[in-house]
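The values are calculated or read from the model by the stated rules, or taken from the named source; none is laboratory data. Since this is a predicted model, take the numbers as computed values, not measurements. Note that we place each Cβ from the backbone using ideal geometry, even for glycine, and neighbour counts take in every protein chain shown.
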Amino acid sequence: MRHLMVLVALLGIEGALCTQVSLDTSAVPVGFRPYVHLLGSVEVVAPASGPNWRAMDVKDYDENKKKYQELEEMVLAVWPQVQIITVMLDTLRPTFLSGIEAVPEDTLKAHRMGIQEDRAESKADRKADRQETKAAKKAAKKEGSDESMTVAAAAEPGPEESEDARDISISTGGESDGPDTLFLPDIDCWLAMQEQDGYFRTDSLNEEGQRMMVQDTAFEDEMGMKEAFLLVHLLDRQNPGMLDFADDYAKAIKLPYWRTIKMFSRLTGYRINRSYDPEGADGRIEHIIRKHGLDLLDPPCSPGFK
């Protein structure tokens, strides 16, 4: 019955638009947008908020191939984080669309100063480590020369000192075997993002109104380099133009090791200077997204999420 209603609705839209050349998909009800690409008599136009990837043709793929299954597993693993970060980036969308020129010069200067301070701090830490190592070697050498001048003797316990007293030891500052805890602002997307890293929220709030989160000790998941670059690549799907903006921004603030980061991204197959292309290199990813309806799901930190 549901499919029949969808078919009737599509036929109605197609009949009404038979004389039109294009269709603005933002005028189509949300529930019917996944089927807009079935309208062959019109040219689909992406809404102003970004491309309608489902309006693009994607070929079928062999789902039994190991390469497809490995990619499917990675996409399903990182997609919740992609959704959460996309929601968090919504406030920056105008900046993404307008480009690096929209970033205030004061912001760029502040970032450059921050990078310079980090470099200076790192340099000072390395210098302190070298001095500490040198001092330790010098002390060890001196201790070795003094050892030949001392005689070791076992001290007998005094009358007021018992055998039991010598066996007592007190240690402080040891590591706890319990789960880690942290406090975050009570913002749903922030908390949901931390939940993806193996923490769960509690009902406890501190004096500043921050919510306590406790580590799930049974959680075992560590994102590798390939998954991380795939996540960034999928963010470009959800936020078209993000990669271009990130590249311009990194160059503007003179981000250290940016070229190295881009080189590593090429090794993973998800170059951060290549935009998302569902009809080309990213067809397999798009096939997985549509297969599971991932782009139709509510983000884990949205009011409608269940």
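Okay, residues lined up against (1) farther than 21 Å from residue 77 by Cα; (2) loosely packed, with under 14 Cβ neighbours inside 10 Å; (3) modelled with pLDDT of 50 or more:
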{"residue": "173", "(1), (2), (3)": "yes, yes, no"}
{"residue": "177", "(1), (2), (3)": "yes, yes, yes"}
{"residue": "202", "(1), (2), (3)": "yes, yes, yes"}
{"residue": "212", "(1), (2), (3)": "yes, no, yes"}
Inset, instruction - Any chance you could count how many residues in segment 249-297 are of a type in the set (Asp, Glu) and under 18 Å from the mean Cα position of the chain (by Cα)? - result: 1
Legend entry - Members of segment 199-215 that are outside any strand (DSSP E or B), in contact with a strand residue (DSSP E or B) (Cβ under 6 Å, 6 or more places away or on another chain) and touching a residue at least 24 places away in the same chain (Cβ under 8 Å): 210
Legend entry - Which listed residue is crowded, with 18+ Cβ neighbours inside 10 Å, of a type in the set (Val, Ile, Thr) and at pLDDT below 80, from 253, 289: 253
Inset, instruction - May I ask you to list pairs of residues, at least six apart or on different chains, whose Cβ atoms are under 7 Å apart, with the first in segment 98-124 being at pLDDT below 80 and the second being part of a helix (DSSP H, G or I) and polar (S, T, N, Q)? - result: 102/95; 103/95
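In the set 94, 159, which member is modelled with pLDDT of 65 or more, loosely packed, with under 10 Cβ neighbours inside 10 Å, of a type outside the set (Gly, Ala, Ser) and out of contact with any strand residue (DSSP E or B) (no Cβ under 8 Å at 6 or more places or on another chain)? First the steps, then the outcome.
Values: 159 fails: modelled with pLDDT of 65 or more.
Checking each option against the conditions leaves just 94.
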Inset, instruction - Working only within segment 247-275, note down all residues that are in contact (Cβ under 8 Å) with a residue 60 or more places away in the chain and either acidic (Asp, Glu) or under 16 Å from residue 231 (Cβ atoms) (or both). - result: 248
Legend entry - Among residues of segment 53-73, those that are under 17 Å from residue 297 (Cα atoms) and hydrophobic (A, V, I, L, M, F, W, C), counted: 1
Inset, instruction - With the checklist (1) among the acidic types (Asp, Glu); (2) surrounded by fewer than 16 Cβ atoms within 10 Å (Cβ to Cβ); (3) under 17 Å from residue 241 (Cβ atoms) in hand, flag the one item residue 282 doesn't pass. - result: (2)
